[in-house]
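Below: the structure, in structure tokens.
Computed from the coordinates by the stated procedures, all read-outs in this text should not be read as laboratory data. Only a predicted model underlies this, so the values are computations on that prediction, with no experimental measurement involved. Glycine also receives a Cβ, built like all others from the backbone with ideal geometry; neighbour counts cover every protein chain displayed.
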Amino acid sequence: MSAASKAALGVSVLLSGGVIIGVHVQQRRLRERLHEGVYRDLERQKYKEHFNLLDKHTTLALQLETENSTMLMARKPQA
């Protein structure tokens with residue numbers, strides 16, 4: 001085998017190895033980004049649940065305040 005063919009074989013082996021390693025690194029990064037997306041979605045769901053709960057509590061507090069004020073108005077002696 002001549003020196004030129006050995007060099008060509010060496011370069012092609014190195015390039016092929018580099019491409020394989022690059023693909024594996026890219027797949028690992030993509031997998032990590034997908035997992036981060038799942039965690040972000042879970043955080044968004046928690047935020048929405050907390051926001052909905054706060055909205056329900058606010059509505060109930062307003063209803064209670066309205067009921068209390070109407071009860072107080074009904075109890076006032078009419079002059």
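When you look at SER2, is it out of contact with any strand residue (DSSP E or B) (no Cβ under 9 Å at 6 or more places or on another chain), surrounded by fewer than 10 Cβ atoms within 10 Å (Cβ to Cβ) and of a type outside the set (Asp, Glu), yes or no?
Details: out of contact with any strand residue (DSSP E or B) (no Cβ under 9 Å at 6 or more places or on another chain): yes; surrounded by fewer than 10 Cβ atoms within 10 Å (Cβ to Cβ): yes; of a type outside the set (Asp, Glu): yes.
Taking the combined requirement at face value, the residue satisfies it.
Across region 44-75, what is the number of residues that are surrounded by fewer than 10 Cβ atoms within 10 Å (Cβ to Cβ) and among the small types (Gly, Ala, Ser)? The total comes to 1. For ALA61, the conditions (1) touching a Leu at 6+ places or on another chain (Cβ under 9 Å); (2) part of a helix (DSSP H, G or I) are fulfilled apart from (1).
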